[in-house]
Structure formats: structure tokens, C-alpha cells
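Down below is the structure, laid out as C-alpha cells.
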Amino acid sequence: MTPARLTQGATALKRGASMAHTFATEKPEHAVAIERVLDRAFGPGRHAKTSERVRERGAVWEPALSRVALNDAGEVIGVCRIYRVEAGAPLFFLGPLAVDPTAQQAGLGLALVRECITACRAAGGLGIILIGAERFFRPAGFTIVPKDRVALPGPVDGARVLWLELRPGGLDKAQGALTAPH
Ligand SMILES: CC(C)(COP(=O)(O)OP(=O)(O)OC[C@H]1O[C@@H](n2cnc3c(N)ncnc32)[C@H](O)[C@@H]1OP(=O)(O)O)[C@@H](O)C(=O)NCCC(=O)NCCS
């Protein structure tokens, strides 16, 4: 079995304290703790989201590209999952992304996104698409998908459909309905 990929670091909390953390590839033993983080971060609306429809419609989860953040006790405090989808070209779908409320505002959310981008690029991906706040994802390089370029399975504010090109020209052929990978 391949050893989990680990990245260590310390995130300076805006309050001034410091929180040690480790990033690791998602493993089956993280599953229960991840559900707890997702429930605590998203609250009751969690399963009503359009991104859940994307995942239900055959998106293929890629645990090897998904990352968790662990605290110094080895507990999961954040997660960023990656799925394979298709929209005229093979793409990765990022989400859910969640950081436990006790660990938010310390830079972990964006750091998890960057870890996943690195993994997706190393895997030879063309691009990553997601549904989220442009203000949050912009520093990682995401931009709003041009109007009518990609159709999602459910109601969504077009200003929240974002993508990132992983290599030059990677998104040139990306268009149409977002579906399961062919
Ligand atoms: C979004 C989330 C993952 C961010 O985690 P985090 O570790 O607090 O993020 P970071 O510390 O890297 O970044 C914090 C910044 O993101 C901003 N931010 C957080 N959520 C945001 C949102 N929904 N829209 C816009 N900005 C947001 C914060 O205001 C903060 O900005 P500031 O630095 O200008 O104050 C976390 O708030 C969370 O789990 N939220 C609930 C689940 C969720 O909404 N997930 C995202 C779905 S796309």
C-alpha cells in the first residue's frame, strides 16, 4: 500500500495563536470523522446542494486526490474531496470542502484547496470545476465559468460556478452538461 502523502505546516491563526496541522491523502479510516466535520461545517442544508446532485449523478470519487487536514492529535479538522466528471472534456470536481468550525479562519480551507490543486495537476488533469464563493477561491486561481458554457444538474447561481485550468488550453474543449465521466 502506498504511504499516505503528508505535508506538515503550522498555520498562524488570525487571533495570534498557532495551530500545528498535517495534510494527508484521504483514507477509509478518516470517513467517520469527515462526516462529523461536514455536518458541523455545513449544518442541515448539506444534502440539498447542487454539488450533491453532481456527486449523485455518477461523479467518480478520487480518494487519492482528496485531502484531509489533521490536528496535532491526528484528528480530522478539514476535508477537500475531488471527483472525476465530464463536460465536453474530462474534468475534476472539487467539493465538499469543509473545515471544522473550531479551526476556521486560520488559512486551512485555502491550504486544502491548494493541496488538491497540486494533486490534480500531478495526476495530469485538464481543469477543476466547483460551486462556491468566487471571493474565497480566487486566491487559488479560480475564475467564474463563462455564462452558458457548462450546465449543472440543479439550480445554481452562475457567479458561483468556478473553474481553474491545470495546464495551458486545458479548458478549451470544456462545455455542455456536467455529467459522470465517460
Ligand atoms: C469555507 C471554509 C472551508 C473556509 O475554511 P477556512 O479554513 O475558514 O478558510 P481560510 O481560513 O483559508 O479562509 C478564510 C477566508 O475565507 C472567507 N470565507 C469563508 N467562507 C466564505 C464564503 N462562503 N464566502 C466567501 N468568503 C468566505 C473568510 O471570510 C475569510 O476571509 P478573510 O481572510 O478575508 O477574513 C469554511 O468556512 C467552511 O467549512 N464553511 C462551511 C462549508 C462551506 O461553505 N464550504 C465551502 C463550500 S464551496
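The values are calculated or read from the model by the stated rules, or taken from the named source; none is laboratory data. Computed from a prediction, not measured in an experiment: that's the story for all the values here. Heads up, the Cβs are rebuilt from the backbone with ideal geometry, glycines too, and the neighbour counts pull from every protein chain shown. Quick note on the areas: whole protein, heavy atoms, side chains included, nothing else; ligands and nucleic acids left out. Shrake-Rupley method; radii C 1.70, N 1.55, O 1.52, S 1.80 Å.
The alpha-carbon atoms of the chain, seen along their principal axes, cover 45, 36, 28 angstrom, with the largest extent given first. The length gained by stretching the chain between Thr143 and Ala122 to full extension, at 0.36 nm per residue less their Cα-Cα distance, is 5.5 nm. Between Glu75 and Lys173, full extension at 0.36 nm per residue minus the direct alpha carbon distance yields a gain of 31.2 nm. Remark: the Glu52-Val156 segment gains 36.2 nm on full extension, using 0.36 nm per residue and subtracting the alpha carbon distance.
For Lys147, the aspartates and glutamates whose Cα falls under 19 Å of its own Cα, not counting residues fewer than eight places away in the same chain, are Glu86, Glu134, Asp157, Glu165, Asp172. The alpha-carbon of Lys27 sits under 14 angstrom from the alpha-carbons of these aspartates and glutamates, leaving out residues fewer than 8 places away in its chain: Glu35, Glu62, Glu75. For region 96-182, dividing the convex hull volume of the Cα atoms by the residue count gives 117 Å³ per residue. So, counting K/R as plus one and D/E as minus one, what does the shell of residues with Cβ under 10 Å around Trp61 add up to? Value of the local net charge: +1. Taken along its principal axes, the alpha carbon cloud of region 37-76 reaches lengths of 36, 27, 8 Å, longest axis first. Backbone amide hydrogens, once placed in the peptide plane, bring Arg84 within less than 5 Å of Val60, Trp61, Glu62, Phe93, excluding anything fewer than 5 places away on its chain.
Helical content of the chain, expressed as a calculated mean residue ellipticity at 222 nm, amounts to -6000 deg cm²/dmol (DSSP H runs of 4 or more residues, -39,500 (n - 2.57) each, divided by residue number, nearest 500). Taking the Cα atoms only, what angle lies between the long axis of helix 108-122 and the longest principal axis of the chain, rounded to 10 degrees? That helix lies at roughly 50 degrees to the long axis. Calculated accessible area for the chain comes out at 51 Å² per residue, all protein chains present (probe 1.4 Å; ligands, DNA, RNA ignored).
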